[in-house]
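The values are calculated or read from the model by the stated rules, or taken from the named source; none is laboratory data. Since the model is a prediction, treat every value here as computed from it, not as a measurement. Every residue, glycine among them, receives a Cβ derived from its backbone with ideal geometry; neighbour counts consider all protein chains shown.
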Amino acid sequence: MKWYADRPGVVVRQIVTDLLVAAWVYAWIRAGFWVHSTVEKLGVPGAKLEGAGISIADNLADVGGKVGRVPVVGDQLTRPFSGAADAARTLADAGRQQQELVGTLATVLAFAVVALPLALVLLGWLPLRLRWMRRAGLASRVRQQPAGRDLLALRALAGQPLDRLVRLGPDIAQSWRDGDAEAVDALAALELRSLGLRPARR
């Protein structure tokens, strides 16, 4: 495969386009990280709620354990503390669930922000870029071969727009059939020029 064309104008255009696409991808990935980080901040109250719930539950359980040592009425005094500790643990679970929900939402939103721009690159620009690289690489190799001019001329006749072919002369197809060297050279040069490549040196 050939990365860039031979002609300066085409090379500059390709390099600028590649840099713009790379900047586009980088910018949207950064945007995705920013969205993820921003949304995750919504989970801070949940973290505080979880921490407070765990702390209260541990303190109540500790107090209940100490009260439970009181003779005769210890078990009865322990029940309110155990109930309150369970309520605090429920509060902590609610805080943990809120954090998990926020984390999932942050990931989904970040993916949504990045998905469409990356899809445009992967499904739009990249296939065209790879197709040009394959075609240019093959044409670059073919132009060095003995029969390369004939193959490139045939490819030009089959694939180039009619208006470009007509500019080479009204009888360009007949000239090619007759084996006219100038016509073959002109067609081969047209095909190479359309790819941003220079004609082979003879």
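Per-structure values
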{"quantity": "Lone qualifier among Val10, Val114, Val63 - being modelled with pLDDT of 90 or more, assigned to a helix (DSSP H, G or I) and of a type in the set (A, V, I, L, M)", "calculated": "Val114"}
{"quantity": "Criterion: among the basic types (Lys, Arg) and either farther than 24 Å from Val10 by Cα or in contact with a strand residue (DSSP E or B) (Cβ under 8 Å, 6 or more places away or on another chain) (or both) - qualifying residue of Arg177, Arg198, Arg164", "calculated": "Arg177"}
{"quantity": "Test for Ala31: is it surrounded by 14 or more Cβ atoms within 10 Å (Cβ to Cβ), outside any helix (DSSP H, G or I) and at pLDDT 75 or above", "calculated": "no"}
{"quantity": "Failed item in (1) at pLDDT below 80; (2) in contact with a Leu (Cβ under 9 Å, 6 or more places away or on another chain); (3) of a type in the set (A, V, I, L, M), with Leu152 passing the rest", "calculated": "(1)"}
{"quantity": "Given (1) surrounded by 12 or more Cβ atoms within 10 Å (Cβ to Cβ); (2) modelled with pLDDT under 80; (3) in a helix (DSSP H, G or I), index of the condition Val70 fails", "calculated": "(3)"}
{"quantity": "Residue check, Leu122 within 30 Å of Asp6 (Cβ to Cβ), out of contact with any His (no Cβ under 9 Å at 6 or more places or on another chain) and of a type in the set (A, V, I, L, M)", "calculated": "yes"}
{"quantity": "Boolean, Leu105 is free of Cβ contacts under 8 Å to residues at least 24 places away in the same chain, closer than 30 Å to Thr38 by Cα and either surrounded by 13 or more Cβ atoms within 10 Å (Cβ to Cβ) or acidic (Asp, Glu) (or both)", "calculated": "no"}
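Table: residues versus (1) outside the structural domain of Gly46 (by TED's automatic domain parsing); (2) within 16 Å of the chain's Cα centre (by Cα).
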site	(1), (2)
Ala88	no, no
Ala94	no, no
Gln99	no, no
Leu109	no, yes
Ala112	no, yes
Leu120	no, yes
Arg135	yes, no
Gly148	yes, no
